[in-house]
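Following: one structure in structure tokens, then a few remarks.
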Amino acid sequence: MAELTLLWIGTLVGGEQISAIGRGICVLLGISLEDTQKELEHMVRKILNLRVFEDEGGKHWSKSVMDKQYEVLCVSQFTLQCVLKGNKPDFHLAMPAEQAESFYQGFLEQLRKAYRPELIKDGKFGAYMQVHIQNDGPVTIELESPAPGAAASDPKQLSKLEKQQQRKEKTRAKGPSESSKERSAPRKEDRSASSGAEGDVSSEREP
């Protein structure tokens with residue numbers, strides 16, 4: 001899981017500033033026990049290509065951090081993997097620190113390979129930090145990597161499933177079709193074949 005916030009960010013450890021960026025995004029990264037290289041690569045692509053900035057004409061949600069050549073500051077934050085047990089936070093879903101540090105360094109490496117290394121900054125893993133964020137908007141976006149083996153992780157497949165569900169709901173909401181209405185509608189007997197009055201209704205279907 002990653003939370004992205006926009007604009008000026010700085011991190012302090014022991015009162016000393018260890019990292020800072022100007023215009024850009026801050027990535028607060030929560031690493032799960034189930035995260036793998038596949039999830040890592042997915043998050044890197046999403047973070048760098050997410051269109052959260054305006055273009056030169058002022059149109060919102062048009063440009064990514066790479067389009068604008070802005071900076072990225074990453075902070076590892078295991079508390080994003082929190083689940084509540086009553087009122088107490090529980091972090092058993094977070095990857096243990098020893099594994100998470102290696103995973104986090106791999107995440108930074110992938111970001112630097114995919115973008116400009118000098119524009120990727122980070123805090124200090126495992127340290128108690130003070131993170132100062134000037135959030136423009138404010139805009140904060142939660143990104144989730146696809147669940148392992150999820151059939152609907154592909155947006156196109158998800159859209160297809162949603163459309164199928166909508167069609168089912170419409171079918172349930174609709175009454176009988178026109179053809180079935182015609183079959184069940186009263187019919188007039190042919191004068192030459194019927195001894196009844198005009199408009200007499202037969203409940204039997206023709207063979």
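Worth pointing out:
- Filtered residue count, segment 19-34, keeping only those that are open to solvent by less than 20 Å² (accessible area, probe 1.4 Å) and not small (G, A, S): 6
- The sole residue among G137, G57, G126 that is part of a loop (DSSP other than H, G, I, E, B), touching a helix residue (DSSP H, G or I) at 6+ places or on another chain (Cβ under 8 Å) and open to solvent by 40 Å² or more (accessible area, probe 1.4 Å) is G126.
- Checklist (1) open to solvent by 20 Å² or more (accessible area, probe 1.4 Å); (2) closer than 23 Å to H132 by Cβ; (3) modelled with pLDDT under 95 applied to E71, failing item: (3)
- Scan of segment 14-40 for residues that are in a strand (DSSP E or B) and without any contact (Cβ under 8 Å) to a residue 12 or more places away in the chain, ordered by number: E16, Q17
- Those residues of segment 140-154 which are modelled with pLDDT under 65 and exposed (fewer than 13 other Cβ atoms within 10 Å of the Cβ), in sequence order: P148, G149, A150, A151, D154
The values are calculated or read from the model by the stated rules, or taken from the named source; none is laboratory data. Bear in mind that the values here come from a model prediction, so they are computed numbers and not experimental data. Methodologically, a virtual Cβ is constructed for each residue, glycine included, from the backbone with ideal geometry; neighbour enumeration extends over all protein chains shown. The accessibility values were calculated without ligands, DNA or RNA, using every heavy atom of the protein model including side chains. Shrake-Rupley method; radii C 1.70, N 1.55, O 1.52, S 1.80 Å.
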